[in-house]
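Trainee: Sharing a structure below in structure tokens format, with a few things to ask.
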Amino acid sequence: MSLIPDSYFDYPLRRKGMDHDRYAARYLRDVPSFQWQGGKTLLVWACVHLEHFPMDMPASPVKPIGGMDRPYPSVWDYSTRDYGNRVGIERLFRVLDKHGVKATAAMNAALAPRYPHLMDEVLKRGWEVAAAGVDMGHLHHSRLSVEEERALVGEAFSTLRAASGQAVTGWHSPAHSQSAVTPDLVAEAGAKYICDWINDDLPYAFHTPAGDLTQLPLSYDLSDHKILGLQNMPIGDYEYQLDAAFDVLLDESRTRGGRILSLSLSPWIIAQPGRIDALDRLLGRFLKADGVASATGEEIRSQWQGLGIA
Amino acid sequence: MTKWREPYSYDYAPYAGRPKIEWPNGARVAFWVAPNIEFYEMMPPPSPTREVWYRPEPDIINYSMRDYGNRVGFDRMADVMAKYGVRGSVSLNVAVCDHFPEIIERCCELEWELFSHGIYNTRYLYNMTEDQQREIIRQSRETIKRASGQDLDGWLSPAISNGETTQDLLAEEGIKYTLDLFHDDQPMPVKTRSTNRLVSVPYMMECNDVPVLNFKNISPRNYLEIIKNHFDRLYAEGEESGTVMCVPLHPYLIGQPHRLHILDEALKYVTGHDKVWLATGREIAAHFEAHYYDRFTAWMQPFTAEAQA
């Protein structure tokens, strides 16, 4: 008797296109050539993750990216992460201000009441506030009931909308983790874009029963979390890879059509004293090049929408 | 169930003292690139042996990371390979022929070889009966023929998940070469229960972007150095007897903007040497089978006898 049933050899979703109905297959080469507003070709999107990692956060079923490394109660892990909200963010503000970059703050809602100063500083700079769930201890995954998850989504949007006064149209699922219905719930709550899927370098339409969302590219492979946190590479390798990505994307943006370079930044990682200068150098180089500008997630979404590309 | 203590696909055969392999036009190294063009299902049926995904399904970060290769990475990789005149030998999850026929069309235009890497990378051979494995091999052959007109000659088990007798089945089903064995830097006859010949062709994990970049977390700049060093040594040794160098790649990794230059610089480096045969897996296996299979088998006799004693 085989352990593999006969049904294993049926492939009901083996068909043209994807094995789900969330988005269409699309090859980057087939996207018509276009320019962003003002004749720009490459938009740099700085997405700053403002995160709260509760000390008692669960480690399963999904360990959040950057989650606690040591047994409870890990003051070490907690305070290392909280450093980003006190010191790191200030350093990041200075560097981004210097280069005239308005970022998207992908914010855990729990931070709004905890650290109102943080929200004030974000708003003062004209940054966009996007919802990144409640906190890093409340990830979205398929073992939650729909009701539980709807409550988390609702709490995140209502808290951040009330505290920011902004429409809050963007959603980033903490740790790029979604359940099967996260996009539906987020669309119901009035979001216009998500940035959790890492399968493209340009936006695309993402279908939900509550209408289409725009899925924006937010690179995980180029995030400080992955390169510096997970892969333990020295900062020189971060700078090297971001530079290499910029070269390819800038060239494509001029020869093939508009592109986006996303910077996925966590203040407790990239804004350590020995690392922040690398970001300063990178932004200096990026924004000096012809045809490059920075934009927030919502600005990119709205420009993309205006282009009418599928 | 008794577990096998070794694969029984080959007997010990030292690197020294072998018959000399000569590649076409006096080349020292047969160089080939194996793009793995894969489809990972979002909600695959469970495997009794291993968890398919790392997070509760849908594991969207890991699913979409791989989907990037088909949407974006493949064309970037193909452009760079075409620039250097390097053909790919595609390790293909054959369901890609149905999901993304446009990718297969471009592979055919570029005169790349297609061989089987199973139906999906989320369907392992673990726990399958021999008949079930035969079904996968036959379906691979039919699908590749239908989509490209090509014959199926090569095999890399999906997610390298072979059973004990998979190599026997491959030979019985008429597969010409296997990539499942990592025991050598030269092609070798594979020992099977079939009278059909099966050749192992080197497929180098040391230069494979998944272990290098994903498992070992090596920086792209060091990856380039690994490939160059690997090539230099095989090129030097190839003067004595022809060697094989394989660079196995995944469009979802190498086709990322921050890594594409590795491929460009690696191919520039390799094609800058004159004693290199830019080959496909099929061509390497066929050349070995025609000229060296018998000589290697004869030379290996004492070692084979030793193993049987």
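Trainee: Six or more apart or on different chains, Cβ atoms under 7 Å: show the pairs whose first residue is in region B:11-22 and within 11 Å of B:HIS291 (Cα to Cα) and whose second is assigned to a loop (DSSP other than H, G, I, E, B) and among the hydroxyl-bearing types (Ser, Thr, Tyr).
Mentor: B:PRO19/B:TYR292; B:LYS20/B:SER241; B:ILE21/B:SER241; B:ILE21/B:TYR292
Trainee: A further question follows. May I ask you to verify whether A:GLY236 is assigned to a helix (DSSP H, G or I), modelled with pLDDT of 95 or more, closer than 30 Å to B:PRO251 by Cβ and not basic (Lys, Arg)? Before you say what the answer is, go through the steps one by one.
Mentor: Details: assigned to a helix (DSSP H, G or I): yes; modelled with pLDDT of 95 or more: yes; closer than 30 Å to B:PRO251 by Cβ: yes; not basic (Lys, Arg): yes.
Considered against the rule, which asks whether it is assigned to a helix (DSSP H, G or I), modelled with pLDDT of 95 or more, closer than 30 Å to B:PRO251 by Cβ and not basic (Lys, Arg), A:GLY236 comes out as yes.
Trainee: Further question: Just to be sure before I move on: is A:ARG15 more than 14 Å from chain B (Cβ to nearest Cβ), modelled with pLDDT of 95 or more and farther than 22 Å from A:CYS195 by Cβ in the structure I sent?
Mentor: When the stated conditions are applied, A:ARG15 does not pass them.
Trainee: Another question, if that's okay. Do you know which residues across region A:1-42 are in contact with a strand residue (DSSP E or B) (Cβ under 9 Å, 6 or more places away or on another chain) and more than 26 Å from B:TYR63 (Cα to Cα)?
Mentor: Those that are in contact with a strand residue (DSSP E or B) (Cβ under 9 Å, 6 or more places away or on another chain) and more than 26 Å from B:TYR63 (Cα to Cα): A:TRP36, A:GLN37, A:GLY38, A:LYS40, A:THR41, A:LEU42.
Trainee: If I ask for residues that are crowded, with 18+ Cβ neighbours inside 10 Å and charged (D, E, K, R), which ones from region B:44-56 would you list?
Mentor: Scanning region B:44-56 gives a single hit, B:ARG55.
Trainee: Is one or more of the residues making up region A:70-90 within 14 Å of another protein chain (Cβ to nearest Cβ), more than 24 Å from A:GLU299 (Cβ to Cβ) and of a type in the set (S, T, N, Q)?
Mentor: Among the residues of region A:70-90, not one is within 14 Å of another protein chain (Cβ to nearest Cβ), more than 24 Å from A:GLU299 (Cβ to Cβ) and of a type in the set (S, T, N, Q), which makes the answer no.
Trainee: Considering only residues that are closer than 21 Å to B:LYS20 by Cα and either in a helix (DSSP H, G or I) or among the aromatic types (Phe, Trp, Tyr) (or both), which ones fall in region B:167-187?
Mentor: Passing the criteria: B:TYR177, B:PHE182.
Trainee: Only one of A:ARG285, A:ARG259 is more than 9 Å from every other protein chain (Cβ to nearest Cβ) and of a type in the set (Lys, Arg); which?
Mentor: One residue alone meets the criteria, A:ARG285.
Trainee: Looking only at residues that are more than 7 Å from chain B (Cβ to nearest Cβ) and either without any contact (Cβ under 8 Å) to a residue 60 or more places away in the chain or in contact with a strand residue (DSSP E or B) (Cβ under 7 Å, 6 or more places away or on another chain) (or both) in region A:243-256, which one is nearest to B:VAL72 (Cα to Cα)?
Mentor: That would be A:GLU252.
Trainee: Tell me which residues, restricted to region A:285-310, are of a type in the set (D, E, K, R), surrounded by fewer than 19 Cβ atoms within 10 Å (Cβ to Cβ) and either touching a Pro at 6+ places or on another chain (Cβ under 9 Å) or in a loop (DSSP other than H, G, I, E, B) (or both).
Mentor: Selection gives A:ASP290 alone.
Trainee: State whether the residues of region A:266-276 include one that is more than 23 Å from A:TRP127 (Cα to Cα), of a type in the set (Ser, Thr, Tyr) and either part of a loop (DSSP other than H, G, I, E, B) or within 14 Å of chain B (Cβ to nearest Cβ) (or both).
Mentor: No, that holds for no residue.
Trainee: Being modelled with pLDDT of 95 or more, under 30 Å from A:GLU121 (Cα atoms) and not in a loop (DSSP other than H, G, I, E, B) narrows it down to one of A:ARG81, A:ARG29, so name that one.
Mentor: It is A:ARG81.
Trainee: Same structure, new question: Inside region A:1-57, can you point out the residues that are without any contact (Cβ under 8 Å) to a residue 40 or more places away in the chain, more than 27 Å from A:ALA187 (Cβ to Cβ) and either among the acidic types (Asp, Glu) or exposed (fewer than 12 other Cβ atoms within 10 Å of the Cβ) (or both)?
Mentor: Across region A:1-57, the qualifying residues are A:MET1, A:PRO5, A:ASP6, A:SER7, A:ASP10.
Trainee: If you go through region B:267-296 one residue at a time, how many are buried (at least 23 other Cβ atoms within 10 Å of the Cβ) and either within 14 Å of chain A (Cβ to nearest Cβ) or farther than 27 Å from B:TYR68 by Cβ (or both)?
Mentor: Result for region B:267-296: 5.
Trainee: For B:PRO45, indicate whether it is more than 14 Å from chain A (Cβ to nearest Cβ), farther than 30 Å from B:ALA298 by Cβ and touching a helix residue (DSSP H, G or I) at 6+ places or on another chain (Cβ under 7 Å).
Mentor: no
Trainee: Scan B:PHE74, B:PHE100 and give me the residue that is surrounded by 22 or more Cβ atoms within 10 Å (Cβ to Cβ) and not basic (Lys, Arg). Steps first, answer last, please.
Mentor: Working: B:PHE100 fails: surrounded by 22 or more Cβ atoms within 10 Å (Cβ to Cβ).
Matching residue, one of B:PHE74, B:PHE100: B:PHE74.
The values are calculated or read from the model by the stated rules, or taken from the named source; none is laboratory data. Computed from a prediction, not measured in an experiment: that's the story for all the values here. In this analysis, Cβ positions are derived from the backbone assuming ideal geometry, glycine residues included, and neighbour counts consider all displayed protein chains.
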